[in-house]
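Enquirer: Have a look at the structure that comes next, please.
The values are calculated or read from the model by the stated rules, or taken from the named source; none is laboratory data. These figures come from a predicted structure and were not determined experimentally. Positions of Cβ are backbone-derived with ideal geometry, glycine not excepted, and every protein chain shown enters the neighbour counts. When the accessible area is computed, the model is the full protein with side chains, heavy atoms only, and any ligands, DNA or RNA have been set aside. Shrake-Rupley method; radii C 1.70, N 1.55, O 1.52, S 1.80 Å.
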Amino acid sequence: MKKWLIGILASTSFALGGCSMLEGANDALTYVNEATDYVQEAKTFAEEAPELAQQAIADSKAAAEFETKLEDMKGEIESFNELNAPELAADLHNQVLEQNEKALDGINTYLENIEGGKLDPAALENTELFQSIQDISSIVKQIEDLGL
């Protein structure tokens with residue numbers, strides 16, 4: 001009876017350990033998928049936003065569209081910041097978080113200009129926002145290359 005009980009406990013322990021490993025792999029895969037989706041959103045934003053920002057200086061419709069894009073990107077950044085990175089990608093994830101902070105600062109600057117009623121052309125010279133987005137893309141590429 002004792003051997004039978006020990007066998008059941010050992011089997012259960014092994015099965016639970018296997019589930020934990022499988023869960024870890026699932027979490028890593030989910031993270032990589034979320035990061036990849038985030039980069040696609042960021043790339044689209046970085047491609048469309050500069051031209052729209054220029055148009056927004058003189059066109060109120062373009063300004064409203066630019067404001068919407070800024071708000072959407074801000075939401076994407078905040079959502080990504082809430083992700084839990086797998087241990088293997090923790091350092092790279094922290095690098096993305098740093099770039100996200102720079103991007104959020106740039107977005108907030110643009111939003112303040114728009115809400116103030118005038119988008120200052122000098123504010124458009126601040127390319128740190130778009131540089132941060134490019135840096136994010138390269139960091140997430142490194143995460144993908146980890147083979148998670």
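Enquirer: Could you tell me which numbered condition residue 147 fails, if it satisfies all but one of (1) in a helix (DSSP H, G or I); (2) farther than 24 Å from residue 68 by Cβ; (3) at pLDDT below 80; (4) open to solvent by less than 90 Å² (accessible area, probe 1.4 Å)?
Expert: Tallying (1) in a helix (DSSP H, G or I); (2) farther than 24 Å from residue 68 by Cβ; (3) at pLDDT below 80; (4) open to solvent by less than 90 Å² (accessible area, probe 1.4 Å), residue 147 fails exactly one: (1).
Enquirer: For the structure I just gave you, tell me whether residue 68 is over 25 Å from residue 27 (Cβ atoms), modelled with pLDDT of 90 or more, within 21 Å of the chain's Cα centre (by Cα) and exposed (fewer than 13 other Cβ atoms within 10 Å of the Cβ). Outline the logic, then answer.
Expert: On the way: over 25 Å from residue 27 (Cβ atoms): yes; modelled with pLDDT of 90 or more: yes; within 21 Å of the chain's Cα centre (by Cα): yes; exposed (fewer than 13 other Cβ atoms within 10 Å of the Cβ): yes.
Yes; evaluated as a whole, the condition is true for this residue.
Enquirer: Next question, about the same structure. Test residue 35 against the stated conditions and say whether it is modelled with pLDDT of 85 or more and under 13 Å from the mean Cα position of the chain (by Cα).
Expert: Numbers: modelled with pLDDT of 85 or more: yes; under 13 Å from the mean Cα position of the chain (by Cα): yes.
It is true that residue 35 is modelled with pLDDT of 85 or more and under 13 Å from the mean Cα position of the chain (by Cα).
Enquirer: Residue pairs, Cβ under 7 Å, 6 or more apart or interchain, first in the stretch 101-124 and among the polar types (S, T, N, Q), second modelled with pLDDT under 85 and surrounded by 12 or more Cβ atoms within 10 Å (Cβ to Cβ). List them.
Expert: From the stretch 101-124, the pairs are 109/123; 109/126; 113/119; 113/120; 113/123.
Enquirer: Quick one: is residue 77 modelled with pLDDT of 75 or more and within 12 Å of the chain's Cα centre (by Cα)?
Expert: Numbers: modelled with pLDDT of 75 or more: yes; within 12 Å of the chain's Cα centre (by Cα): yes.
Spelling it out, residue 77 is indeed modelled with pLDDT of 75 or more and within 12 Å of the chain's Cα centre (by Cα).
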